[in-house]
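Reading through the structure tokens given below for one structure.
The values are calculated or read from the model by the stated rules, or taken from the named source; none is laboratory data. Bear in mind that the values here come from a model prediction, so they are computed numbers and not experimental data. Cβ: placed from backbone, ideal geometry, glycine included. Neighbour counts: every protein chain shown.
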Amino acid sequence: MTGHNGAVAFAAANQPTNDAHDAVTDGNTSVGTDNGYRYDSFPGYNADAASDAATNGRRPTVAGSSGAAIKSGGTRALAPDLLRGLLMMIMAFDHAALALHTWEHGTGRVAEADGQVVRRWNYTTAYIVRTLTHLCGTGFTFLMGMGVVYLGRSRTRLGWSPVRLARYFAVRCVVLTAVTVVFGFVMTGGQLWFMNAVLFALAVDYLLAGLLWLAINETEVLLALAIARMRKVWASEASQSTMTTDDSDENGVTQPLLRGREATRTTGDAYLSWSIHNVLLVVLSLVTVFWNIWLSDDGGVCSANKQDISTLASPVNPFLRVWFWVMTEPGSRIMSGFPPMAWLSFAILGILYARIVTARPWSRHALVLGHVCAALVFSLLFVLTRVLHFGNLSEKCLQTPDQQRRPAQNLYLASVASFFYVVKYPPDVAFFALTMAGNLLLLALFAAIPPRVARQLTMLLEFGTSALFFYIVHLLLLFGLGILAVAAFGHETGIPDPIYPGKTRGIDDLFGYFGFWAACMLLLWPVCRAYSRFKSSKAADSIWRFF
């Protein structure tokens, strides 16, 4: 599935603009970089939480508040851009292998799909590279959800109304969908009328995440007010039952204390409302990943008898299937490897993540520790999917020599390759847990790097701030140069072209493969730097910021 890790382009859909990341808290002075943006350290992008409190904003201690009326500092956080840039380079590994026909596309030499039987593993380098690229789809969608919150907060401080924000989210969705249609038609030479190699999923999830954030922004206030009213009613009833007559002078002395207590209670009401909404986001993220299991035609179980497999659960109509189910039927004019609703859970987690890190100023040590702890939670969930056999779309599907040597053993514990095999199309719970753990560990790593050092990683920053542009150009470059390289240096490999299966000539030399990838990254670097500088100079509502 070409472009499967192209989730990179999500960044175009979620990409926080240069004013969407908040100012630094650790006292560092923001510094400009070659890509046209100004950066502060990772902890800095939640500094407006403190500013909101200082200005007595509508919700002084609650993340996601749209009540702040302060002007954005115009700086970006380093860690998310560094992660996005790294993921784009990792994504390019996968697409380079497709362009050169270096190896079969999949850890098991077939797509990591629901109910797909795996009979042998890819060779070691291919398995490792392919497993690393699993981080991309998750990371881009997660960062997209995070970016929705930053962009919404930034635009709200610029005076945008909820209606204007909703319209902005919708326009981005339409633009990305249009790019999906045109780009897919061009890349396949008209063979496909609609090729959802991730952009359509990101477009829809971006819109849904934006609308969800807008809804939370309103209901959070309403719930806090409702809690305050209930608390006052209960307090009134309690005071009436224990009412005593106080001296007027004593009343005057206690009034300032009562006002301070009331302010504390108001803050507590807001915090309780914020916490309840966060719990709801956790539940919603779990529901939206588990429904990939619930909606599976065969429950993610491979059966030796095809008659035992139900094929009646999912609709046949492509306009219905495209939302929840993978569509890769041979001969079809529609290909969709990334159903939007199947990937929504990662965007919801991104919203939750942004609400937490913007709730208050955090020290760098606290952020690193928090990311590591969250990664450990997801790692534990992943291990449980292996040991307890739940949340997998590959039950009884691993039929490699590893399983044949240990027929009575847990199939996921038969080998290292078996343990880390996860289903991506659509993502199962094991994929969800493993890739979230990996992305959070990378964020912890980038958060731990001193800002003065992190700002020197200019290639990552420039790729990370030109996401959709990078995605489109890198595919054209990789597959364009790949055709020339294969024609000049290729030989018969038996690995079919993803678009033209009859073409099996390729380059399977690893030095040639990695050299080709590195050369393409070097060619893309100055182009993405120039585009990033160009985009950073545009207004907040410019269409160029979509790319």
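Would you mind stating whether residue 503 is under 23 Å from residue 203 (Cα atoms) and at pLDDT below 95?
No.
Of the residues that make up the stretch 128-136, is at least one assigned to a helix (DSSP H, G or I), surrounded by 15 or more Cβ atoms within 10 Å (Cβ to Cβ) and hydroxyl-bearing (Ser, Thr, Tyr)? Yes - at least one qualifying residue is present in the stretch 128-136. Considering the stretch 139-178, and only residues there that are outside any helix (DSSP H, G or I) and free of Cβ contacts under 8 Å to residues at least 60 places away in the same chain, the residue that is farthest from residue 348 (Cα to Cα) turns out to be 159.
Taking the condition surrounded by 14 or more Cβ atoms within 10 Å (Cβ to Cβ) and more than 26 Å from the chain's Cα centre (by Cα), does residue 527 pass? Answer is no for this residue.
Screening the candidates 483, 507 for the property of being under 22 Å from residue 101 (Cβ atoms), surrounded by 20 or more Cβ atoms within 10 Å (Cβ to Cβ) and out of contact with any Cys (no Cβ under 8 Å at 6 or more places or on another chain) yields one hit, 507.
With respect to the numbered conditions (1) surrounded by 16 or more Cβ atoms within 10 Å (Cβ to Cβ); (2) within 20 Å of the chain's Cα centre (by Cα); (3) not polar (S, T, N, Q), which one is the sole condition not fulfilled by residue 174? Evaluating residue 174 over (1) surrounded by 16 or more Cβ atoms within 10 Å (Cβ to Cβ); (2) within 20 Å of the chain's Cα centre (by Cα); (3) not polar (S, T, N, Q) leaves (1) as the failure.
State yes or no: is residue 267 assigned to a helix (DSSP H, G or I), β-branched (Val, Ile, Thr) and modelled with pLDDT of 50 or more? Spelling it out, residue 267 is indeed assigned to a helix (DSSP H, G or I), β-branched (Val, Ile, Thr) and modelled with pLDDT of 50 or more.
Every residue, every condition in (1) more than 20 Å from residue 496 (Cβ to Cβ); (2) of a type outside the set (S, T, N, Q), yes or no:
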position: 76; (1), (2): yes, yes
position: 90; (1), (2): yes, yes
position: 93; (1), (2): no, yes
position: 98; (1), (2): no, yes
position: 124; (1), (2): yes, no
position: 142; (1), (2): yes, yes
position: 156; (1), (2): yes, no
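Taking the criterion of being of a type in the set (Val, Ile, Thr) and either surrounded by 17 or more Cβ atoms within 10 Å (Cβ to Cβ) or modelled with pLDDT under 90 (or both), the residues of the stretch 290-337 that qualify are 293, 309, 311, 316, 322, 326, 328, 334.
Remark: residue 432 falls outside the filter, which requires a residue to be out of contact with any strand residue (DSSP E or B) (no Cβ under 8 Å at 6 or more places or on another chain), more than 20 Å from residue 287 (Cβ to Cβ), assigned to a helix (DSSP H, G or I) and in contact (Cβ under 8 Å) with a residue 24 or more places away in the chain.
May I ask you to verify whether residue 132 is closer than 28 Å to residue 280 by Cβ and either in contact with a Phe, Trp or Tyr (Cβ under 9 Å, 6 or more places away or on another chain) or modelled with pLDDT of 95 or more (or both)? Answer is no for this residue. Given the criteria of a type in the set (A, V, I, L, M) and in contact with a helix residue (DSSP H, G or I) (Cβ under 6 Å, 6 or more places away or on another chain), does residue 366 qualify? Criteria not met by residue 366. Does residue 197 fit the bill of being more than 30 Å from residue 321 (Cα to Cα) and either crowded, with 18+ Cβ neighbours inside 10 Å or in contact with a helix residue (DSSP H, G or I) (Cβ under 9 Å, 6 or more places away or on another chain) (or both)? When the stated conditions are applied, residue 197 does not pass them. The numbered conditions (1) in contact (Cβ under 8 Å) with a residue 40 or more places away in the chain; (2) at positive phi are all true for residue 494 except (1).
Would the stretch 462-469 turn up any residue that is charged (D, E, K, R) and assigned to a strand (DSSP E or B)? No, because not a single residue in the stretch 462-469 is charged (D, E, K, R) and assigned to a strand (DSSP E or B). Looking across the stretch 72-113, the residues that are basic (Lys, Arg) and surrounded by 24 or more Cβ atoms within 10 Å (Cβ to Cβ) come down to 76, 84. Checking each residue in the stretch 345-365 for being of a type outside the set (Val, Ile, Thr), touching a Ser or Thr at 6+ places or on another chain (Cβ under 6 Å) and in a helix (DSSP H, G or I) picks out 345, 346, 347, 349.
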